[in-house]
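These notes concern the structure reproduced below.
FYI, it's all coordinate maths here, none of it is from the lab. Note that the structure is predicted; figures quoted are calculated from it, not measured. Counting neighbours? That spans all protein chains shown, and the Cβs are built from the backbone with ideal geometry, glycine included.
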């Protein structure tokens, strides 16, 4: 399966490395092993998981924890809107849509969108499932390993493992060829820190909406010549 | 907080995250999304992700915040130089950026730089 092969090419290593970071953070904070590992499989979104354990650590109220981790994972809405239509043509896959969407991560989303045009209607589902299953397994394993390694790794290794995650995504996104996506990335990158200063909770959804909408219409106005 | 309460909290956080995924599916199951709609939503997603990544670079939280800003930016800049030198190929760019960052933090750790 090509999804499995693609997963082993890159995502597996990056997902494990980031989740090693998360596992070791959870151990430091005092989250139990089972909850830390389970959160990777059930929440399956690192910024939300980090918000969960860090707010738990400072004793934030339950509702505040749920709200903050939910907001940190709001990107799943536009991601699901843009990816799920790819599976509509295959009824055998489409009927599992509410389960399939739980396997979506930035990784599986970006790679599935990229590969979709070359995959047929009936190959997309298996591709996505293969990629998602391997990535999730790697994430769960990484969390467990990180939990046990906590405190044993020197700072410069742990911090480099954490740094790998944004670098992977920055260069994965930068290698995109579609003009409207590239413009959205550039506008978003400029607005991101500015809006974070205005509102750490609500800044990011606004950045996405403004950057994405501006890029979409600019691209339309610039006319043909994309891809 | 005891173990049982922590599991309930995880359930709540899981549901609160799944809501976004689920709403997305519910919407595309009810409308027939046009190509423009799908393009626009992926632009919004990319805009959000780029905003998140650049915020992590400039104002990180957690242990990344303990590294100097200049280290992160130098690593990123070198990564982009290598990325473009290899005709926009992601792997060389990523390896260069992480390699530079690892070297700089290791040098700091041993008090060399």
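For the range A:2-172, how big is Rg over Rh, using alpha carbon atoms and the Kirkwood form of Rh? Before the final figure, lay out the partial values.
On the way: Rg = 16.5 Å, Rh = 16.6 Å.
Computed over Cα atoms, the ratio is 0.99.
How large is the Kirkwood hydrodynamic radius of the range A:36-103, in angstrom, based on all distinct alpha carbon pairs? Before the final figure, lay out each step's value.
Values: mean 1/r = 0.0747 Å⁻¹.
Result for the range A:36-103 stands at 13.4 Å.
What does the extension gain come out to for residue B:113 and residue B:30, with contour length at 0.36 nm per residue minus their alpha carbon separation?
Full-extension gain reported as 24.0 nm.
Full extension from residue A:198 to residue A:220: what is 0.36 nm times the residue separation minus their Cα-Cα distance, to one decimal in nm?
Residue separation times 0.36 nm, minus the Cα-Cα distance, leaves 4.9 nm.
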The range B:1-66: C-alpha pair distances exceeding 13 Å, %: 77
Obtain the radius of gyration and the Kirkwood radius of the range B:67-113 from its C-alpha atoms and give Rg over Rh. 1.05
Which number do you get for Rg(Cα) / (2.2 N^0.38 Å) in chain B? 1.54
Among B:67, B:14, B:41, which one shows the highest mean-square fluctuation when chain B is modelled as a Gaussian network with alpha-carbon springs under 10 Å? B:14
Packing-wise, with mean Cβ within 10 Å as the measure, how do A:122-135, A:95-108 rank, highest first? A:122-135, A:95-108
How large are Rg and Dmax for the protein assembly as shown when only the alpha carbon atoms are used, in Å? 19.3, 61
Roughly what percent of Cα-Cα pairs across the range A:88-182 reach past 22 Å? 44
Stokes-Einstein, Kirkwood over Cα pairs, the range A:176-227, 37 °C, 0.692 mPa s; D in µm²/s equals 291
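How large is the convex hull of the Cα atoms of the range A:3-83 per residue, expressed in Å³ as a whole number?
Measuring per residue, one finds 97 Å³ for the Cα hull of the range A:3-83.
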